[in-house]
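Written out below as structure tokens is the structure these notes cover.
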Amino acid sequence: MFKDLTQEELDSYFALAGEQVEIDTRFRPGLYSRYNVKRGLRNEDGSGVLVGLTEIGEVHAYVFDDNEKVPVEGKLVYRGIDIYDLVNGFIREDRFGFEECVYLLMFGQLPTSHQLEDFNQVLGHYRKLPEDYVRDNILKAPSMDVMNKLARLVLVKYSYDSNPDDISVLNLLRQSLDLIATFPLMGCYGYQAKAHYHEGKSLFIHNPRPDYSTAENILMLLRPDGQFTKLEAKILDLALVLHAEHGGGNNSTFTAHVVSSTGTDIYSCVAAAIGSLKGPKHGGANNKVMDMMDDLMQEVKDWNSDDQVKEYIRRLLRKEAYDKSGLIYGMGHAVYTLSDPRCILLRDQAEQLAKQVGRMEEFELHKRVERLAPDVFREVRNTDKPMCANVDFYSGFVYQMLGLPKDIYTPIFAMARIAGWCAHIIEENVNGGKIIRPAYKNIKGRLNYTSIGERL
């Protein structure tokens, strides 16, 4: 006989059941080593297991000398072009760089001025959403999390596409440019709906401008008056460039490869990649950095004291401060060892913005943590492993100085990385051929079936 369960009864059930499932699911220590499992698809030296080839992005952080892994300064390469050269090029010429970066990733070469102009025209054409799409899918169904909303909106675009399942290169290219152009709209509108319906803030929906760059449109769409300075737009543009691509092995891009290898539509691939990027170990890390730095600024009385900042970092590592995870968010990287070029480039430009908005004291505190953390890490963990700040360490601070809401930090990451995802999806469809299917070792022994009356 069935009855309606109270919330208290449900809570009690899941408390007991959850504890039992965790006990039954946890493996015995040492099993991964016993079966030579490469956890996280990592080799023993920390390098990634080679599972594919790409011409899109390259991350370089170490060399091998006599079979020994030797850390080197980090390099990030887009289609053979060093990120420093790409960034210094458009900064020197005082122009926006993200659209040029997208062209490079999608077509494999730098555009001429004429090609870039035509490309911007195409992006401008696609930089709009149907009125009923915004009304029915964004305003009527706000989400508490913008990343989940973004994934849903991408899947909804399938229904608005007259040829969604065609995975020919021509159609994938059309779909990719459409997604790249509309991601800022979906993310920003999704945030506005969330802020209005869940936080009681005023609702404003600006129409995008086809003549604006991606960075300019993002700032305009997020601000009530739609106004911004040239420096603000330039720094956000740089952040987009630095987040656009990071090789085929990062979790979200690999997710796009895995899903694409099944032959499914691009919308399913991108939605899956968004789900991956949302995780705090991936794209969501910039939020954790900001929360950690807020806690540091509360706990440390003298921001100019190396000793006090060091002691806070020690407490982080001893699981005594902030979220007690033992992590220094924004420090360390799965690949980079001595330096993350994205961090260096963003830090240099962040200083200009900090001077403009009067937040140099906080900027200097970030630099102090960046300088002190590696030594404290080696001291506490008794290791000689190199550690450097990653791009997340400064990106959240940059977004905060721009006055952007925290809910939009990771979606901005997605607005940039959609370029890399789409390039990799096309590459997988052209070159992959086989469905990606790694192996898992079953370690559960065989059991006999017993009838229900005989079970204890």
Q: Amide H neighbours of Tyr62 under 5 Å, at least 5 residues apart or on other chains, H built in the peptide plane: list them.
A: Val72
Q: Enumerate by residue number the chymotrypsin sites (Phe, Trp or Tyr not before Pro) in segment 368-456 meeting two conditions: DSSP loop (anything except H, G, I, E, B), and at most 12 other Cβ atoms within 10 Å of the site's Cβ.
A: Tyr440, Tyr449
Q. Roughly how big is segment 1-148's charge dipole about its Cα centre, with Cβ charges of +1 (Lys, Arg) and -1 (Asp, Glu), in debye to the nearest 20?
A. 300 debye
Q. If you compute volume of the Cα convex hull per residue in Å³ for the structure shown, which of [x] 215; [y] 253; [z] 148 do you land on?
A. [x]
Q. How much net charge surrounds Phe393 when only the other residues with a Cβ under 9 Å from the Cβ of Phe393 are counted, with Lys and Arg +1 and Asp and Glu -1?
A. -2
Q) Hey, what did the chain get for relative contact order, percent, Cα under 8 Å, at least 6 apart? A) 21 percent
Q: Grab segment 285-401 and count how many Lys pairs have their alpha-carbon atoms under 23 Å apart, sequence gap of 8 or more, or different chains.
A: 21
Q: Apply the Karplus parameterisation 6.51 cos²θ - 1.76 cosθ + 1.60, with θ equal to phi minus 60°, to every residue of segment 250-258 and state each ³J(HN,Hα) to the nearest whole Hz, in sequence, with x for glycine and proline.
A: 5, 4, 5, 5, 4, 4, 4, 4, 4
Q: Can you pull the one-decimal nm distance between simple spin-label points at Glu9 and Asp132, each 7 Å off the Cα toward Cβ?
A: 4.5 nm
Q) Rounded to the nearest 500 deg cm²/dmol, what is the calculated helix-only ellipticity per residue at 222 nm for the chain, with -39500 (n - 2.57) per DSSP H run of length n ≥ 4? A) -17500 deg cm²/dmol
Q.
Let me spell out the model: positive unit charges on the Cβ of Lys and Arg, negative unit charges on the Cβ of Asp and Glu, origin at the Cα centre of segment 285-401. What dipole size does that give, in debye rounded to 20?
A. 300 debye
Q. Can you list the residues, at least 5 places off or on another chain, whose amide H is less than 5 Å from the amide H of Ser261, using H built in the peptide plane?
A. Ile436
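Taken together, the values in this text are just the output of simple stated rules run on the coordinates, not laboratory data. Just so it is clear, the structure is predicted and the values come from calculations on it, not from any experiment. Methodologically, a virtual Cβ is constructed for each residue, glycine included, from the backbone with ideal geometry; neighbour enumeration extends over all protein chains shown.
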